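This report concerns only the one structure given below.
What follows is calculated from the coordinates using simple rules that are stated; it is not laboratory data. Predicted, not measured: the structure shown is a model, and the values here were computed from it. Cβ atoms come from the backbone with ideal geometry, glycine included; neighbour counts cover every protein chain shown.
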Amino acid sequence: MGIFDFLKKKEQALPSILPGEIYEAASLELKDIIAPGALKISPRQLNLGEKIARTFFVVSYPRYLNDNWFSPVINLDKVFDIAIHVHPIDTSTILRTFQKKVAEVQSQISMREDKGLVRDPKLDTAYQDLEQLRDSLQQAQEKLFEVGLYVTLYGSTEEELTKLETEIKTMLDARLVYLKPALFQQEQGFISTVPLGDDQLLVHNKLNTSPLSSIFPFVSFDLTSDKGILYGINRHNASLVLFDRFSLENYNSITFAKSGSGKSYATKLEILRTLMFDADVIVIDPEREYEHLAEVTGGKYFNISLNSEHHINPFDLPPTREGESAADVLRSNIINLVGLFRIMLGGLSPEEDALIDRAITETYALKDITPDSDFSKMSAPLMSDFEMVLSGMDGSTSLVQKLSKYTKGTWSGFINQPSNVNINDRFIVFSVRDMEDELKPVAMYIVMHFIWNAIRQNLRKRLLVIDEAWWMMKSEDTASFLLSLAKRGRKYFLGLATITQDVDDFLRSPYGLPILTNSSIQMLLKQSPTSIERIKEVFSLTDEEKYLLLESDVGEGIFFVGLKHVAIKIIASYTEDQIITSDPSQLLAIKKAKKEFLAQGGDSGTPLN
């Protein structure tokens, strides 16, 4: 049957409409949609309207076929059709053929031995293969099939089609699988690859069950599990990217993306879905992007700034947990405080480091807090207490001068106050947007230590989100502490989600790469040309993946879990989108709707969806 006969046969099942009647009837039939505007058959290809199609068949296979050898072709991000036609062969018939073939090969081997010729490895291998296959067929362990494997490629131009042909042939040639074009049979080849089950090309190879199973077509890259939250849609096959980070080897993730690529949107979507699965979420927010989310979900929002009513005293001590001693807790907090002062004072010499360490110990002792005391009910000292102790030590003049701005100057309201923050809630956001840039690393360090102490005190499933983490990488102490969270968090059921847009600053730090390697989940969204080469090197991306990241739309990228990765698209429902959006126009519309709602007597505590 020719292709014109084929199209005519398909058309018979549909009502006929003459040219021009579509407009008059004001309707469109199925045949009007699927039929090309023109059709031309040539020896090497078909011209289907604006597209060119070219069909190939597999002419030979190697002796062994590895599992999933065909998956690189199936997962190629190109337009093509694959048809696998499998025709079973009667086992009794093929066994009689095998008997003759085995006898023939055995006879050739015997003749060579009689003539004293050197053993022919090809004959020996053929004899062993035939015997092994014959035994498997007789024992019903295998069956034999006539298999036709056809591929139809599509392109807008001949150059595009030839490039795709070369790419696929190269991939298969490397596996000793050879393709040939269906010369003067393009019509039959095209019909053989459309989903009709009509094998008109009839170019077959005999394959038994094992190698045939290696061509199994449903092997596209997939990243999903049977539980967890929805991260997005697999752009290749529209499957769900579904994972529970708390079931992986560690619970950490890292997201790299340029500004405006949707990284905060994706993070807020994960937070919203994580809250549904009995997990607490804590966010360090440098740009005040999570305030609306905290309001809608009933979480707590703390604005950390010089004029804020919320304060955290860095001298606070966590209660001792079971298996810990008071001395260990005190020693650990002293070490953390030395790191804090290193950031606050712009670095410390070895002498100043030792002086600060001794002053912290004496400041605690001033409040009767020693390694041997029970400090669970004692009041922690303040920064002004530390300044008083430090000022009484020799060689501390310059340190006291630098410290005075934190105790008496403009910044005293931020750090020289007792703590009044309670984070016993499902969703907590600490915003540092209104904090001066010079103080942001200090604020983030203090907040992170406060969170860490709370996490160690009460063991629960938690997700800690550090947005714009490149701020943390500016200081060695904050970067070092971030790495320690990534390494130690698993023991306390903590997942660390690190998000950054400044890839170079993050990876340039000696702590950047270790944080990356300690993250089971990695997400790359749209990248800038200035950082793509570094990303390609670190993640061992192919050129195609590199250009995919450069050309991705908002909310699109590559999702890594372990050694596997897929192209992902972040998708939210309408209600989720209204809650997590960062679009200023949408936020203004939501605020306007809320004002109207309240003006009409609505309850201010009722969240707007």
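Worth a mention:
- Rounded if a/c under 1.5, otherwise prolate or oblate - segment 468-532, Cα gyration tensor axes: oblate
- Pairwise FRET efficiency - residue 349 versus residue 224, Cβ, R0 = 56 Å, nearest 0.05: 0.55
- Taking the convex hull of Cα positions in segment 229-293, its mean projected area over all directions (nm²): 5.6
- With 0.36 nm allotted per residue and the present C-alpha distance subtracted, the residue 474-residue 537 stretch has 20.4 nm of extension available.
- From helices alone, the chain scores -12500 deg cm²/dmol at 222 nm; the rule is -39500 (n - 2.57) for each run of n ≥ 4 DSSP H residues, then divide by the residue total.
- Chain lengthening between residue 157 and residue 91 when straightened (0.36 nm per residue, less Cα-Cα): 19.1 nm
- Neighbour-count ranking [beta-carbon atoms within 10 angstrom, fewest first] of 107, 192: 107, 192
- Cα centroid separation, segment 342-420 to segment 70-90 (Å): 70
- Residue order for 430, 80, fewest other beta carbons within 10 angstrom first, comes to 80, 430.
- Per-residue 3J(HN,Hα) values for segment 247-259, derived from phi via the Karplus relation 6.51 cos²θ - 1.76 cosθ + 1.60 with θ = phi - 60°, read 9, 8, 5, 9, 9, 8, 9, 9, 10, 10, 6, 7, 4 Hz in sequence order (x marks Gly and Pro).
- Within the shell defined by Cβ-Cβ distances under 13 Å, the residues around residue 89 carry a net charge of 0, with Lys and Arg each +1 and Asp and Glu each -1.
- Legend: calculated FRET efficiency, residue 176 to residue 216, from the Cβ-Cβ distance at R0 = 25 Å, rounded to 0.05, equals 0.85.
- Within the chain, antiparallel bridges make up roughly 60 percent of the DSSP beta bridges whose residues both belong there.
- Charge sum, other residues only, whose C-beta stays under 11 Å from residue 181's C-beta, Lys/Arg counted +1 and Asp/Glu -1: +3
- Among 370-381, 516-527, the peptide with the highest mean count of other Cβ atoms within 10 Å heads the list, and the full ranking is 516-527, 370-381.
- The calculated pair-distance distribution of segment 313-418 uses every alpha carbon pair, bins of 10 angstrom beginning at 0, and gives 15, 49, 30, 6, 0 percent.
- Extension gain, residue 206 to residue 103: 0.36 nm times the residue separation minus the Cα-Cα distance gives 35.1 nm.
- Over every Cα atom in the chain, the radius of gyration and the widest Cα-Cα span, Dmax, amount to 34.5, 108 Å.
- Compared with the dominant Cα axis of the chain, that is its longest principal axis, helix 121-138 is turned about 90°.
- Overall dimensions of segment 158-236 as given by Cα atoms, namely Rg and Dmax in Å: 17.4, 53
- Summing charges over neighbours of residue 402, with a neighbour being any other residue whose Cβ is under 11 Å away from its Cβ, gives -1 when K and R count +1 and D and E count -1.
- Exposure proxy ranking, count of Cβ atoms within 10 Å, fewest first, for 363, 157: 157, 363
- With all projection directions averaged, the alpha carbon convex hull of segment 55-213 covers 11.6 nm².
- Using a Förster distance of 22 Å, the FRET efficiency for residue 434-residue 259 (Cβ separation, nearest 0.05): 0.65
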